[in-house]
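Visitor: Take a look at this one; I'll ask things after.
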Amino acid sequence: METPITKQSTITAQKLDKYFDVTGRALKKVKIVKKAPKDLDWQKAAEDFLDMATRYYEDAKHFAKKGEIVTAFAALNYAHGWLDAGARIGLFDVGHDSELFTVD
């Protein structure tokens, strides 16, 4: 099946900037939820989710500098996916921000 290409299928510099902004704000907003000291697996999972999001965000910046905007856009979506998933399952406190995250 061939996918039709439309104006909305284009990743523009403005669209990329928008997603850098959204994901950058989301990265700054998340706070790892503190659990009882004995629950180290929870803490490790939260740190791993945040680490993956940060790495994908940095990868996106790298690809954007190289002019590879499709790859940068994909990396931003992965970064935000890690943040959103962490917020959704309760690893991160995002202050009920349903603009940046799929919560509430």
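Visitor: If you scan region 57-104, which residues turn out to be among the hydrophobic types (A, V, I, L, M, F, W, C), open to solvent by 70 Å² or more (accessible area, probe 1.4 Å) and part of a helix (DSSP H, G or I)?
Guide: Val70, Trp82
Visitor: Can you report the number of residues in region 24-44 which are at pLDDT below 90, in a helix (DSSP H, G or I) and surrounded by 14 or more Cβ atoms within 10 Å (Cβ to Cβ)?
Guide: The number of residues fulfilling the criteria is 2.
The values are calculated or read from the model by the stated rules, or taken from the named source; none is laboratory data. Bear in mind that the values here come from a model prediction, so they are computed numbers and not experimental data. Heads up, the Cβs are rebuilt from the backbone with ideal geometry, glycines too, and the neighbour counts pull from every protein chain shown. Ligands, DNA and RNA are stripped out before the accessible areas are found, and what is left, the full protein with its side chains, is counted by its heavy atoms. Shrake-Rupley method; radii C 1.70, N 1.55, O 1.52, S 1.80 Å.
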